[in-house]
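Here the structure comes first, spelled out in C-alpha cells, and everything after it is commentary.
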Amino acid sequence: MRPEPFFSALGIDRADQVRVDPQRLAEITAAEGGRQLLWRDGLPAVGNDGRLEWQPVSAADLFLGVQDGQPRFSAAEQPHANARAAFDTLGTLARDEAPLFAAALSLAWWHSRHLFCANCGASTEIERGGWSRRCAECSAQHFPRVDPVVIMLAEHEGRLLLGRQPQYPPGRYSALAGFLEPGESIEAAVARELQEEAGIEVADVTYIASQPWPFPSSLMIGCRAVAKDPALTLDTTEIEAAMWVDRAEVRAALGGDMGAPFMAPPSLAIARYLLEDWAG
Ligand SMILES: [Zn+2]
C-alpha cells in the first residue's frame, strides 16, 4: 500500500482522558520517564537520524500524548516567524515522526497568538494540557484552530487542470487550492474555487486524502472533480497560468523527465500525492 501524504499518518496516543483530568495530568507530569520535545531555532529539533529530539521534562506546558509508554511534553515555544525555514528540516524528518512534529508546531503557533481572549480582551491561561485556553476574566474557552483548505484536480476527458502561482519556482505547476469559507461544504468550496480561479464549472467532487499542514494550522483536503467544459477564464491575481495535461505528461513530470511540460510539486506536498494517485 502507498504511504499516506506526509504529516498524515497516525501520530502518538493523544491520551485525551489525561488532558481532561487535572490530577492525572499533574501525576504524569511529575512522574519519572517523561520526555520534553527539544526545540532549535524556533522549530521542533530533528536529529541527523530524522527523529525528533527529546530532553528531561522542565517546562511541561503542552502535553502531546504518550509514545513508547512515555508521556511527551513540549514547552509553549515561540515558533520561527518564517515557515520556509522549516522546509530544510522537513527534508530529513522521518515520515512516522511528521505527525507529532506537525501537532507540536501548530499547537505552539496557536498558543503564541492567543494570549488574550477574543471575547473580552483579558489574558487567557493554558488548560487541558495545552489543548485549550481559558479566559481568566469571562471564562470563555478557546480551542486550537484548524483552517481547512481544499486542494483539487479538475479532470476533463482524460486531462487534468494544473495552475501556477507567481511565487512558484520556474516551471512548477500544481493543483489549485483555496480556503473553505464559513457555511460551505467541501464540495461547494471545490466548485467555487475552480469557478473563481479558472472559470470552470465542475460536478462529481470526490474526496481523495487529507494532510495536516502546520504553517501554521491548515488541513489540506485533497479532492478531484469533473469539469463540464475545458475553456478557462483565469483569475490572474491568483494564478498566472494554467494548462490541461494528460496522463503521460503527468507521469513524465512525476518521473523528473526534463522533457515534461511542467515541474511536479515537491514530495511533501499533497498536490504531488493527488497527481500520483491519478497517474496510477
Ligand atoms: Zn474573556
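What do you get for GluC sites (Glu not before Pro) in the range 20-100 restricted to DSSP loop and a cutoff of at most 10 other Cβ within 10 Å of the site's Cβ?
In loop regions of the range 20-100 (DSSP not H, G, I, E or B), the sparsely surrounded GluC sites (Glu not before Pro) are GLU32.
What does the extension gain come out to for PHE87 and ALA26, with contour length at 0.36 nm per residue minus their alpha carbon separation?
Details: separation 61, 0.36 × 61 = 21.96 nm, distance 3.51 nm.
That works out to 18.5 nm of additional length.
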Debye sum, Cα scatterers, the range 25-149, no solvent: what log₁₀ I/I(0) at q = 0.09 1/Å?
-> -0.27
When the helix-only estimate is applied to the chain (DSSP H runs of n ≥ 4, each -39,500 (n - 2.57), divided by the residue count), what is the mean residue ellipticity at 222 nm, nearest 500 deg cm²/dmol?
-> -6500 deg cm²/dmol
Rough spin-label spacing in nm, given labels placed 7 Å along Cα→Cβ, for ILE186 and VAL226 = 1.9 nm
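Tell me the Kirkwood hydrodynamic radius of the range 81-201 in angstroms, computed as one over the mean inverse distance between distinct C-alpha pairs. Please list the in-between numbers first.
Working: mean 1/r = 0.0560 Å⁻¹.
After inverting the pairwise mean of 1/r, the radius is 17.9 Å.
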Summed over the other residues with a beta carbon less than 11 angstrom from that of ALA189, with K and R at +1 and D and E at -1, the charge totals -4
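Need one number: convex hull volume per residue for the chain, Cα atoms only, in Å³. Walk me through the intermediate numbers first.
Numbers: hull volume 43.7 nm³, N = 280.
Considering the Cα atoms of the chain, their hull volume per residue is 156 Å³.
If packing is taken as the average count of other Cβ atoms within 10 Å, what order do 105-114, 259-268 fall into, highest mean first?
Details: 105-114: 20.4, 259-268: 17.0.
Going from most to least packed, we get 105-114, 259-268.
Calculated FRET efficiency, ASP61 and GLN167, Cβ-Cβ r, R0 45 Å, to nearest 0.05? Provide the component values of the computation, followed by the final result.
Values: r = 34 Å, r/R0 = 0.77.
My answer for the efficiency is 0.85.
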Looking at the range 220-263, which trypsin sites (Lys or Arg not before Pro) are DSSP coil and have at most 13 other C-beta atoms within 10 Å of their C-beta?
-> LYS228
Extension gain, ASP204 back to ARG14 (0.36 nm per residue minus Cα-Cα distance, nm) = 64.9 nm
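Nearest-5 percent of antiparallel DSSP beta bridges in the chain? Write down the numbers at each step before the final one.
Working: 41 of 53 bridges.
For the chain, the DSSP antiparallel bridge percentage is about 75.
Going highest first, how would you order 169-176, 229-236 by mean Cβ packing within 10 Å?
Details: 169-176: 17.9, 229-236: 12.6.
Most protected by this proxy first, the peptides run 169-176, 229-236.
Work out how much length SER123 to GLU238 would gain on full extension: take 0.36 nm times their residue separation and subtract the Cα-Cα distance, in nm to one decimal. Present the calculation step by step, with values, prior to reporting the outcome.
Numbers: separation 115, 0.36 × 115 = 41.40 nm, distance 3.76 nm.
Extra length available between SER123 and GLU238 comes to 37.6 nm.
Any read-out appearing in this document is the output of simple, stated calculations on the displayed coordinates, not a laboratory observation. Only a predicted model underlies this, so the values are computations on that prediction, with no experimental measurement involved. All Cβ positions, glycine included, derive from the backbone under ideal geometry; neighbour counts span all protein chains shown.
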